[in-house]
Amino acid sequence: MSTYEIKFSVNGNDESLAVRGDETLLRALRRVGYVEVKLSCEGGDCGACAVLLDGVAVNACLVFAAQADGAEITTVRGIGTEDDLHPVQEQLIEKGGVQCGFCTPGIVVSAKALLDENAAPSREDIQRGLAGNLCRCTGYKKIFEAVSAAARQISEGGGS
Amino acid sequence: MSERVVGRPHPIIDAAEKVSGATVFIDDLELPDALTGMALRSPHPHARILRVDTSAAERLPGVAVVLSKNNTPDAPFGINHKDEAAFCREKVRYVGDEVAAVAAVDEATAREALSLIRVEYEVLPTVADPFAALEPGAPLVHDSVAGNVANEFHIRRGAIDEAFDEADATFADEFHTHLAHQAYIEPTGCAAQWHPDGKISVWGCLQSVFLIRTFMLAPVMGMSADDFRVTQTKPGGAFGGKLDVKAALMAAMLSRAAEKPVKFMMSLEEDLIAMRPRMPVHISLESAWKRDGALAGKRVRIVAENGAYSSLSPAIMSSIALRTDNLYKTPAAEIQGRLVYTNVIPSGQMRGFGNVQATYAWESHLDNVADGLGLDPADLRLKNYTEKGDVSLHGWKIASCAVADATRYVVDKMDWKARRARGGKGRGVGLASCIHVSGNKGFSVELGPDDTDPSSGVVRVDEEGKVEIWSGESDLGQGATSVMAYIASEVMGIPVERFKVPPTDTGYMPFGMGAFASRITLIGGNAVKLAAEDARRNLLDAAAEAMEIPADELEIAEGEVRAKALPERKMAVGEVVGRAGGVIEGEGKWLAGGDVLDKEKFGNPSTTYSFSTHGAEVEVDMETGVVTVLQVCCGHDPGRVINRLGAEGQVEGGVVQGMSYAMMEGLAPLEGRLRGRNFHDYLIATSMDAPPIEHDFFESMDPYGPYGAKGLAEVAINPITAAICNAVYHATGGARIRTLPVTPERVLEAIEEAGR
Ligand code: FES
Ligand code: FES
């Protein structure tokens, strides 16, 4: 299997790495320390590995790392950290939309992508926007509430 | 109720860390130079092992060690029966059974090594169906277990024959449940590090760090429990599935043999085919009734599918057999159970511990009874529910109970009478109730140190006024440790932001049995409450000295010790601790109430019991059989709500998980081979499936619970399956779902059957 020298930026940090042709972006990101991108099904079914690739939400397990050469990648930590939370994260905390937290990095990424496109999503829009993110703990209700509240918070100027 | 913290909505205490992706799950744990561990699993449901040749794998560069029956001792283990081995010895008994394991420098090398292991099998006839397994002359799963029966019991209580002879009406039904996985999103994994002094550190997404040492690691590895330091990594969901975790044993054995750290992460596929999913069961019910709707007696016959090994299944079968008899005043009962070995994945516990299955069957049956007697199903239940102060025919003592209030709430909110009067035109409503333990003494005997079902806690305040709670009970992601922090914050008058509850660790924490049987809030909560009270007393004594004011004239609020009479005389908690030497601790232990059941399974297994009623409204497409859950409405009695936000999350999560089980899940074994191998063939509810849920709590203020609280995790899931099936029955004018899950094909068959 041939290897490729690639470069991409992750949350604003430049990374250069050598990847095998069959290495997924998920595996490559985790290998260089971005373990906030979660590994579960590796088949595109659960959304735990979601990242923004040039602003578009993708499942990192479905993209080869080599395909991301030159791309700008944003993980959940590029959206917000403990000291500087994004409204989606703040509202997931406030509304109780997080339990075990394993699905949460992917939920934050998908919700951010949804709100970037649709500033005032309806419940159905949110359901559809998160349809690729499995959560086994919460029953989704509080996640929907959090995303709606985040949309309101953002439109009222509470951050982006 | 004058509490400042308890009963209000709070975020879980580690929410910020979780939403920002900072939580270290097992696969994120950094363990320098760790080898990759992987298992070779049986491709056959049943085969004799003639030879295992690992020599080529051992020679592969980068392979540190290969383990199999060739180089490991014959040390059977198991929670209820010692019927399992680390590595298969004479036979493989299910597809996924561990035959060998390797530790290598990386995953690619480990995989290649697995492919180099040669196993010669003599394929044996498979016995996958439990009824076939009971036939005379059926192949034996374990050669030493005649008839494939792992456990059997027959109990008669009360005047059961008279109950049936003198009944005004009797009813009979049969129900069948399916094999379903816990389907947490985080695949299971563990890591281990052997130390030169012979001790081993183990990390993993475990429900009980203490018990895994005593029922699995120590006996199989010929070491003592103390030789292992087991530390929990936060589980990415567990739901019962991360109690009996063989990955811990694999990691520890590989690490000891390689004398290096090893990480053993299962893929989702391995998790689906080789963990311990919810037990399938076949339940026949007969019940005897008086004309006015009073229950006179019931007969239950159960055939439960053990799969290849027993894990917790014998205890689960008991729970299925007895549980529902305690929810209603049941004068007499006859119960027979048989637990049958098959060449299928070993079954185990999932949230509900058999009660999901039992409640589905009995509560479905009850609606058939109501129909037969011409009574409203809600009224029939309200007439027969147990009440506070009752002792059930099995000896259960009901210390608090608000199930009737929960049912009346559902009836009210759903506009029950009006909706019931409509029904039969493709739209209908149904409800169901349940009872559940808050801890179970039986586990303490089988798994714990003795019959006390103990828990203990340490509360430790430092010179900055920060508080750590050490409890041997674990958080599975549901917020159990947040409940402890809120209880301790209430007791101590210190804001919850200053509390930390580290993951369980046998290295320094006091003993706890762990998270199962809805025991944490009641048992762990009481221990932590006592520890917090002790720490508070010690803080006040230290403050009395530092402030030169008698302790009984002091109070703690907002993290400050204040003189009650002179609020301006105050000292920050951290300063008090600093002056007292830098640390102040409190200790608490709590032993659960209840009894160990006798041989006839008589006794009071838990300190107290929780209740719930779930209602569902469904639409059924009569042409296609497709069922849509339009809304769910439910009432729960968790004694007292500690953290409202967390409690709501338990209910909403439980309902959707239960609905998912009822309608779409299934590992679908065919001749022992599972078809569910990923989340596209093992479907679980997505955001698109989540119905609107309306619910409330009915607080019975339990006399034994901390602030009156008891367990909630399992009553949140038990009744929803039956509620949906009863709604389908109502919507279709009599289509009864007797086999789960509720697929369109089954609904159409049931509609046809009802029309005949
Ligand atoms: S791990 Fe990528 S979608 Fe599940
Ligand atoms: S919070 Fe556990 S899977 Fe979503």
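The values are calculated or read from the model by the stated rules, or taken from the named source; none is laboratory data. Note that this is a predicted model, so its numbers are computed, not measured. When we count neighbours, we look across all protein chains shown, and the Cβ atoms used for this are built from the backbone with ideal geometry, even at glycine. To get the accessible areas, we keep the full protein, side chains included, count just its heavy atoms, and leave off ligands, DNA and RNA. Shrake-Rupley method; radii C 1.70, N 1.55, O 1.52, S 1.80 Å.
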Report in % the part of the accessible area of segment A:87-155 that belongs to carbon and sulfur, leaving out ligands and nucleic acids; probe 1.4 Å. 45 percent
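Ignoring ligands, DNA and RNA and using a 1.4 Å probe, state the total buried accessible area between A and B in Å², rounded to the nearest 100. Don't jump to the answer; show the numbers that get you there.
Working: alone 8230 and 26910 Å², together 31360 Å².
So the buried area, both faces added, is about 3800 Å².
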For segment B:249-268 and segment A:92-124, what is the separation of their C-alpha centers, rounded to whole Å? 36 Å
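How large is the charge dipole for chain B, taken about the Cα centre, if only the Cβ atoms of Lys, Arg (+1) and Asp, Glu (-1) carry charge, to the nearest 20 debye? Numbers along the way, then the final one.
Numbers: 75 positive and 105 negative charges, 139 e Å.
Rounded to the nearest 20 debye, it is 660 debye.
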Could you tell me the extents of the protein assembly as shown's C-alpha atoms along the three principal axes, largest first, rounded to whole Å? 82, 77, 57
Under a Cβ-only charge scheme (Lys and Arg +1, Asp and Glu -1), can you give me the dipole magnitude of the protein assembly as shown about the Cα centre, in debye to the nearest 20? 1180 debye
If each of A:Asp69 and B:Asp451 carries a label point 7 Å out from its Cα toward its Cβ, how far apart are those two points in nm? 7.1 nm
Please report how far the C-alpha centroid of segment B:624-688 lies from that of segment B:32-70, rounded to the nearest whole angstrom. 37 Å
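Give the residue list of GluC sites (Glu not before Pro) in segment B:432-522 that are DSSP loop and have at most 10 other beta-carbon atoms within 10 angstrom. Spell out each step's value before the answer.
Working: sites: B:Glu446, B:Glu463, B:Glu464, B:Glu468, B:Glu473, B:Glu490, B:Glu497; in loops: B:Glu463, B:Glu464, B:Glu473.
Answer in residue order: no site qualifies.
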Could you work out [θ]222 nm for chain B from helices alone, using -39500 (n - 2.57) per DSSP H run of at least four and dividing by all its residues? Round to the nearest 500 deg cm²/dmol. -8000 deg cm²/dmol
How about segment A:119-160: which of its residues lose at least 30 Å² of accessible area in the presence of all protein chains relative to their chain isolated, using a 1.4 Å probe? A:Arg123, A:Gln127, A:Ala131, A:Leu134, A:Arg136, A:Cys137, A:Gly139, A:Tyr140, A:Lys141, A:Lys142
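How large is the convex hull of the C-alpha atoms of chain B per residue, in Å³?
Values: hull volume 120.4 nm³, N = 756.
Residue-normalised Cα hull volume stands at 159 Å³.
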Would you work out which of B:Ile345, B:Gly472, B:Phe153 lies farthest towards the positive end of the dipole of the protein assembly as shown? Charges go on Cβ: Lys and Arg +1, Asp and Glu -1. B:Phe153
The distance between the Cα centres of segment B:709-729 and segment B:377-449, in whole Å, is 9 Å
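Please compute the length gained on full extension between B:Arg118 and B:Glu671, using 0.36 nm multiplied by the number of residues separating them and subtracting their Cα-Cα distance. Spell out each step's value before the answer.
Working: separation 553, 0.36 × 553 = 199.08 nm, distance 2.44 nm.
Extending this stretch completely gives an extra 196.6 nm.
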Residues of segment A:77-115 that become at least 50 Å² less accessible with every protein chain present than in their own chain isolated, using 1.4 Å: which are they? A:Glu82, A:Ile93, A:Val98, A:Gln99, A:Cys100, A:Phe102
Quick one: pull the percent of accessible area on segment A:3-77 belonging to carbon and sulfur, 1.4 Å probe, ligands and nucleic acids left out. 45 percent
Quickly work out the A:Arg128-to-B:Met688 label distance, labels modelled 7 Å from Cα along the C-beta direction, and quote it in nm with one decimal. 1.1 nm
Name the residues of segment B:146-187 whose accessible area, probed at 1.4 Å, falls by at least 50 Å² once all protein chains are in place instead of their chain on its own? B:Ile185
Using a 1.4 Å probe over the heavy atoms of the protein chains, calculate the carbon and sulfur portion of the accessible area of segment B:145-235 as a whole percent. 47 percent
Given a 1.4 Å probe, how much area per residue of the protein assembly as shown is accessible, in Å²? 34 Å²
